[in-house]
Amino acid sequence: MLYTGPAFSAAALGDGIVELKFDLAGESVNKLNQVALRDFAAATQAIAKDGSVKGVVVTSGKAVFIVGADITEFGAMFEAGEAAIARYLLELNRNFSAFEDLPVPTVVAINGVCLGGGLELALCADYRVMSTAASVGFPEVKLGIFPGFGGSVRMPRIVGVDNAVEWICSGADKKADAALKDGAVDAVVAPEQLRDAAVSMLQQCIAGKLDWQGRRAAKLAPLKLNKMELTMAFTSSMAVVGAQAGHNYPAPMLALKNMQEAATLGRDAALEVEAKYFAKAALTPQANALIGVFLADQGVKRAAGAWEKKSKREIKQAAVLGAGIMGGGIAYQAAYKGLPIVMKDIRDDALALGMNEAGKLLAKQVEKGRMTPAKMSETLGRIRPTLNYGDFGNVDIIIEAVVENPKVKKAVFAEVEGLVREDTIIASNTSTISISLLAEGLKRPQNFVGMHFFNPVNMMPLVEVIRGKQSSEEAVAATVKLASKMGKTPVVVNDCPGFFVNRVLFPYFAGFHMLLRDGADFQAIDKAMERFGWPMGPAYLMDVVGMDTGVHAAEVMAQGFPDRMRHEWRNATQVLVDNQRYGQKNGKGYYVYAPDKKGKPKKAVDPATYDLIKGVVAERKEFAPEEIVARCMVPMVNEVARCLEEKIVASPQEADMSLLYGVGFPPFRGGACRYVDQTGAANYVAAADKLASLGKVYEVPQLLRDMAASGKKFFG
């Protein structure tokens, strides 16, 4: 054995070939943490000192190649400041360059996932062989940064400027065929042939049949384009990337400027440019938020995993009560993930609608090449539509998705509870009604929970699992396990009207309605909030949700929290609903809608909207975008803090991820809690206090006042 360490080992295979194997001790995957990076440098030095080595093949001892850098270590590195970040990267890149500069050929065998820093390490080799089962890519821009371990220097020199820009600025993963087509890898083989193919390629290098020195020289030199070609390549790229990234995501443009500046330089000077620009990206608020989102997502998954361990039950048969769009969406999601499900309704046309919804969603998978027609038929066969309860004796869980009316729901629960096993869980998909209220009258309330899906079910990742006052730990845990099995991200919340997501969303709508009342234009509000980062402004969102649904939910919230969510004046949405304007569902709300070329509803401004609401709004006046943002966001953030105070949601991580996954909170802002952290609690409280005269919904909770006084943050 030439070298053995905690992450890498170097063993002679014969004929001067050394296998450098990455197998990080104590971890299920290989990642480039500090231990691995130091060990890689030590292993490289050991190989360089051995004059008998003629070539090196790099392999992985795990099912993945390298998942990337250890993101949990970014915080400490970034806190050191811009200059320190750049120095750290240059030191790290000296070690990567030392491997690249070994006096012998090198080949990497990519057996599985190879992302970010993992791909950057692979680019240091002379050749790359990839398994058909592997995937590669640079996801860094999704974290607000870009490749900083030499990837932005080596990639353009290997695959050309256009391909490198697309790989780095899109953040997309690439399958083996795409990687080969672009030149990022040199050969693609079946998994079982990978190691032998890599060794064979290395033997060809040693025999002089492959020009590995020429390959290496191209990576060390400036890009082989003249000044005019470089200008054209980067000018066109900047126009495309700038339009796609927008002003809220600076990392892709910083990556592009970095590549342009480094294009005329040799490797070592180009790496200095990369380190400089990476440090700038790392210290943007967007990087702070997006890395925080990644870590929060991991925290939410750990919390769900802890819940799942509390249940030994396996959900093998599910049922959904109530077909239609929502029931069909739930049935589709279960069947798509391999779970048989009964879909019950009292009307044939509702069952047809539900099956049609599931069929449409599956047909889209076939159209996109993600599913064969045979697989679609098999999946659809897992959904059993029925008008009776005959099959309910073997059901493990029932998901209720009937009309949002407590009397109707209670009647359904009372009926079905007597027809199922004593351990069958009943879960209500209500979006606002208290689970404890709905459990009243049940014989087995311990088996009753909330399971709130978001519409459209197939697209929205969040499921709120609501624990009522009498819900058992087992019922909650089994429901969390089911949500995960259905491919969703479950977050457990305690019971209250609206639970977490809708409870904090409706104060946001309250801020919107008060702005309209005071003379703001709903189009201007939408524009300001979309520029803030929301995928759609509140008027547009209300149209998409369904304005009649919104009015009904607002009344539930007003009953639950009358001190701040009830108002005596009529708002614009109520007026529009009274005039049969329900949003996209009937083609007219704040906006009017007509199908575009793809059949999707396209919004347009309707002067009639202004005529209808003029009786409940003040004379039109202009509000600064900053004031619009504050008046919409402060009520939401305040309610998030109240939910944390009341333990409705367990942690800031779960609060933020629920908003991102449930209502599309801007990812680059990280969620409501991180928004407060980045604003500064003291600054937030001062801004909110200026709006206090607007009503109770703007009153800052004690939690935020305490944070402001102590200088604390939600996240370290």
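Go through region 569-600 residue by residue and tally those that are surrounded by fewer than 21 Cβ atoms within 10 Å (Cβ to Cβ) and of a type in the set (Gly, Ala, Ser).
Within region 569-600, residues that are surrounded by fewer than 21 Cβ atoms within 10 Å (Cβ to Cβ) and of a type in the set (Gly, Ala, Ser) number 3.
I'd like the residue in region 543-598 that is charged (D, E, K, R) and assigned to a helix (DSSP H, G or I) and, out of all such residues, is modelled with the lowest pLDDT.
Selected residue: LYS585.
State all residues of region 275-311 that are outside any helix (DSSP H, G or I), over 13 Å from VAL141 (Cα atoms) and not hydrophobic (A, V, I, L, M, F, W, C); if no residue qualifies, say none.
Within region 275-311, LYS309, LYS310, SER311 meet the criteria.
Going by what's in this entry, would ASP578 be described as touching a residue at least 24 places away in the same chain (Cβ under 8 Å) and of a type in the set (Asp, Glu)?
Criteria not met by ASP578.
Among the residues of region 606-643, write down those that are β-branched (Val, Ile, Thr), closer than 30 Å to VAL676 by Cα and either touching a Gly at 6+ places or on another chain (Cβ under 8 Å) or at pLDDT below 95 (or both).
Listed by number, the list holds a single entry, VAL634.
Taking the stated definitions as given, is VAL501 farther than 13 Å from ALA304 by Cα, modelled with pLDDT of 95 or more and β-branched (Val, Ile, Thr)?
The answer is yes for VAL501.
Condition (residue is more than 15 Å from ALA289 (Cβ to Cβ), under 20 Å from the mean Cα position of the chain (by Cα), in contact (Cβ under 8 Å) with a residue 24 or more places away in the chain and not in a helix (DSSP H, G or I)) applied to region 695-710: is it met by at least one residue?
Looking for residues that are more than 15 Å from ALA289 (Cβ to Cβ), under 20 Å from the mean Cα position of the chain (by Cα), in contact (Cβ under 8 Å) with a residue 24 or more places away in the chain and not in a helix (DSSP H, G or I), one finds none in region 695-710, hence no.
So, in region 447-487, how many residues would count as being in contact with a helix residue (DSSP H, G or I) (Cβ under 8 Å, 6 or more places away or on another chain), of a type in the set (A, V, I, L, M), farther than 13 Å from ALA318 by Cβ and in a loop (DSSP other than H, G, I, E, B)?
Qualifying residue count, region 447-487: 2.
Which condition does GLY338 not pass, out of (1) surrounded by fewer than 17 Cβ atoms within 10 Å (Cβ to Cβ); (2) at positive phi; (3) of a type in the set (Gly, Ala, Ser); (4) in contact with a strand residue (DSSP E or B) (Cβ under 9 Å, 6 or more places away or on another chain), if it passes all the others?
The failed condition is (4).
When only residues in region 421-433 that are of a type in the set (A, V, I, L, M, F, W, C) and at pLDDT 95 or above count, which is surrounded by the most Cβ atoms within 10 Å (Cβ to Cβ)?
The qualifying residue surrounded by the most Cβ atoms within 10 Å (Cβ to Cβ) is ALA427.
For region 224-251, give me each residue that is outside any loop (DSSP other than H, G, I, E, B), out of contact with any helix residue (DSSP H, G or I) (no Cβ under 9 Å at 6 or more places or on another chain) and more than 13 Å from VAL161 (Cα to Cα).
Passing the criteria: LYS227, MET228, ALA239, ALA243.
Given (1) free of Cβ contacts under 8 Å to residues at least 12 places away in the same chain; (2) assigned to a helix (DSSP H, G or I), identify the lone condition not met by GLU120.
(1)
Buried (at least 18 other Cβ atoms within 10 Å of the Cβ), in the same structural domain as MET636 (by TED's automatic domain parsing) and touching a strand residue (DSSP E or B) at 6+ places or on another chain (Cβ under 8 Å) - does that describe any residue in region 516-529?
Taking every residue of region 516-529 in turn, none turns out to be buried (at least 18 other Cβ atoms within 10 Å of the Cβ), in the same structural domain as MET636 (by TED's automatic domain parsing) and touching a strand residue (DSSP E or B) at 6+ places or on another chain (Cβ under 8 Å).
If THR235 meets every condition in (1) closer than 30 Å to GLU530 by Cα; (2) modelled with pLDDT of 95 or more apart from one, which number is that one?
Of everything listed in (1) closer than 30 Å to GLU530 by Cα; (2) modelled with pLDDT of 95 or more, THR235 misses just condition (2).
On the basis of being assigned to a strand (DSSP E or B) and either at pLDDT 95 or above or among the β-branched types (Val, Ile, Thr) (or both), does ALA319 make the cut?
yes
Pull out all pairs, ordered by first then second residue, where Cβ-Cβ is under 7 Å, the residues are six or more apart or on different chains, the first lies in region 516-538 and is at positive phi, and the second is assigned to a helix (DSSP H, G or I).
GLY533/PHE668; GLY533/ARG669
Against the conditions (1) among the hydrophobic types (A, V, I, L, M, F, W, C); (2) touching a residue at least 12 places away in the same chain (Cβ under 8 Å); (3) over 30 Å from ALA304 (Cβ atoms), where does ALA624 fall short? Just the number, please.
The single condition ALA624 does not satisfy is (2).
Mind telling me which of the residues ALA650, ALA692 ends up being surrounded by fewer than 22 Cβ atoms within 10 Å (Cβ to Cβ) and touching a strand residue (DSSP E or B) at 6+ places or on another chain (Cβ under 8 Å)?
Sole residue among the options that is surrounded by fewer than 22 Cβ atoms within 10 Å (Cβ to Cβ) and touching a strand residue (DSSP E or B) at 6+ places or on another chain (Cβ under 8 Å): ALA650.
Take VAL107 and decide whether it is of a type in the set (Val, Ile, Thr), modelled with pLDDT of 95 or more and touching a Leu at 6+ places or on another chain (Cβ under 6 Å).
So VAL107 passes the test.
The values are calculated or read from the model by the stated rules, or taken from the named source; none is laboratory data. Being a predicted model, the structure only gives us computed values, none of them experimental. FYI the Cβ positions are ideal-geometry reconstructions off the backbone, even for glycines, and counts take in every protein chain you see.
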